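Note sheet for the following structure.
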Amino acid sequence: MPRRPVAVFAIAPWAFGGVFPADLVTRLQELVDIDPATTFTSFEGPAAAAALAEADILVTGWGAPRIDAGVLAAAPRLRAIVHAAGTVKAGVDPLVFERGVVVSSAAEANAVPVADYTMAMLVLGAKQVFSRARGYAAALEGAPRDWLRGEGTGLHDCTVGVIGASRIGRLVLRRLRSFEVEVLLYDPYVTAAEAARLGAEQVSMDDLCRRSDLVTVHAPALPETRHMLDGRRLDLLPDGAVVINTARGSLIDTEALTRSCADGRISAILDVTDPEPLPPGHPLFSLPNVLVTPHLAGAQGRELRRLGEFAVAEVGRFLSGTPLLGQVEPEQLSYIA
């Protein structure tokens, strides 16, 4: 009888139950031998060594240890790493690809809630919901409450600038087709023809800033993208513009953004910051035209299951020789988020 494939979980216990509820574990066990009672967050020690020695597949997630030369040496049978979360950039050494190990990520599944969050914030940001709600709550007794006026608000007929045609950026572009808005796209790797197919006009970064009522950031964190929204470009934004960042905090110059928001000229909705988290008492927390959320746009709560479903299906595709939907190529490590 041929040996059944053996898989090993490497994921933090706090994430395991949400990503892999019991029915998904059962479905995975129909494909491979895997022990749900053992989830590694370190590959040190005899138990990890014994598991790695037999592993054909590592099913990883948040909290997984880095897969490096030492892990590869301890896992001679390893053929695939299936990551039930987003980026694998920090968790996979390039040696993994040199060894011929296939790598897959559920980044596509994790992109869905981020795109949904972005669309919600575009709608709410265009209505100036957060600053108007704070003003409404803080109105002095006897003063008129600002709940009727809304001149110049609303997403309808706005210009939305999308920075980065990443997985998330493309999902946002697709969703924007349901709205009557003009869409601009900055991505140096996208041609004008491809931008048009995505429903956007390809523009330079400076032009995007000059023309956009709302700017949403979906680029990776690279040396060349650090502070791509710096003070000069923030100054190009029209008065009343809204900046939304669900990508990486380093893409925006925090000090410059704070100055631009503090004078009330623009607003910001930030799910990521630089540094992250911001220090207690940072001005961005208290400005009425800024909303800072704790890096929650990605899969949370009931959304976590989507990551496990993607990973289990990916294991099935790998074992059947079907092309993987989330396969990561070695050259992508240099520019993925």
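Data table
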read-out	value
Gained length - Tyr136 relative to Ser286, 0.36 nm times residue gap less alpha-carbon distance	52.4 nm
Whole-Hz ³J(HN,Hα) from phi, Karplus 6.51 cos²θ - 1.76 cosθ + 1.60, for the stretch 238-251, glycine and proline x	x, 4, x, 5, 10, 10, 10, 10, 10, 8, 9, x, 5, 6
Inter-site label distance for Arg265 and Val112 at 7 Å from Cα along Cβ, in nm	4.1
Whole-Hz couplings from phi, Karplus 6.51/-1.76/1.60, listed for the stretch 118-135; x for Gly and Pro	4, 5, 4, 6, 4, 5, 5, x, 5, 8, 6, 4, 6, 5, 5, 5, 5, x
Which of Thr159, Leu198, Ala120, positive extreme of dipole for the stretch 84-232 (C-beta unit charges)	Ala120
Per DSSP, loop trypsin sites (Lys or Arg not before Pro) in the stretch 162-219 with at most 15 further Cβ within 10 Å	Arg177
Phi to ³J(HN,Hα) by Karplus 6.51 cos²θ - 1.76 cosθ + 1.60 over the stretch 58-74, Hz, x for Gly, Pro	9, 9, 10, x, 4, x, 5, x, 5, 8, 10, 4, x, 5, 4, 5, 7
Residue among Ala74, Ala85, Ala133 with the largest mean-square fluctuation in a Gaussian network model of the chain, springs linking Cα atoms under 10 Å	Ala133
Under-5 Å amide H pairs with Cys158, H placed in peptide plane, nonlocal only	Glu182
Val102 long-range amide H proximity, modeled H, under 5 Å	Ala80, Ile81
The chain - percent relative contact order, Cα under 8 Å, separation 6 or more	18
Amide H contacts of Ile244 (H built 1.01 Å from N, under 5 Å, at least 5 apart or other chain)	Val215, Thr216, Val217, Ile269
Orientation-averaged projected area, Cα convex hull of the chain (nm²)	20.1
Extension gain from His295 to Lys127, taking 0.36 nm per residue of separation minus the Cα-Cα distance	58.2 nm
Cα-projected label distance for Arg210 with Asp239, points at 7 Å along beta-carbon direction, nm	1.9
Span per principal axis, largest first, for the Cα atoms of the stretch 66-166 (Å)	74, 32, 17
Helix-only mean residue ellipticity at 222 nm for the chain, each DSSP H run of n ≥ 4 adding -39500 (n - 2.57), per residue, nearest 500	-10000 deg cm²/dmol
Longest segment of the chain lacking GluC sites (Glu not before Pro) that sit in a DSSP loop with at most 14 other Cβ atoms within 10 Å	181-337
Charged-residue dipole, Cβ positions (Lys, Arg, Asp, Glu), the chain about Cα centre, Debye nearest 20	500
Contour minus Cα-Cα distance for Glu151 and Ser178 (0.36 nm per residue)	7.4 nm
The stretch 139-262 shape via C-alpha gyration tensor axes, a/c threshold 1.5	oblate
Part-to-part distance (alpha-carbon centres) for the stretch 280-329 and the stretch 84-107, which is given in Å	16
In the stretch 182-288, the chymotrypsin sites (Phe, Trp or Tyr not before Pro) that fall in loop regions by DSSP, at most 10 other Cβ within 10 Å	Tyr189
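Here, each number is a calculation from the coordinates, and none is a lab measurement. All figures in this text were calculated on a predicted structure; none of them were measured in a lab. Positions of Cβ are generated from backbone atoms using ideal geometry, with glycine treated the same way; all protein chains shown enter the neighbour counts.
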